[in-house]
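Since the structure comes first, as structure tokens, the remarks are kept for the end.
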Amino acid sequence: MRILYLLFAVFLFLFQAAPGSAEPLFADTAECRSQGNFCRSGPCPPTFTVSGSCHGGLLKCCSK
């Protein structure tokens, strides 16, 4: 049972977030979020409109 504590600590160490790793990988995602919009997989909420795409065209960029 003691090995579980060690494995848990190693697991957390290996998968911790490094500074800057949360940056979006796609340029269209970065552009969408820099304008104050958000990405969504389904249709945008009723008061929002589609203003572009995110994640290489897989998601929609919703704006007010």
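The packing ranking of peptides 35-48, 2-15, highest mean first, is 35-48, 2-15, where packing means the average number of other beta carbon atoms within 10 angstrom of each residue. Annotation: extensible slack from Val10 through Thr47 equals 8.8 nm (criterion: 0.36 nm per residue apart, minus Cα-Cα distance).
Here, each number is a calculation from the coordinates, and none is a lab measurement. Keep in mind that what you see is a predicted model, and the values were worked out from it rather than measured. Note that each Cβ is placed from the backbone with ideal geometry, even for glycine, and that neighbours are counted across all protein chains shown.
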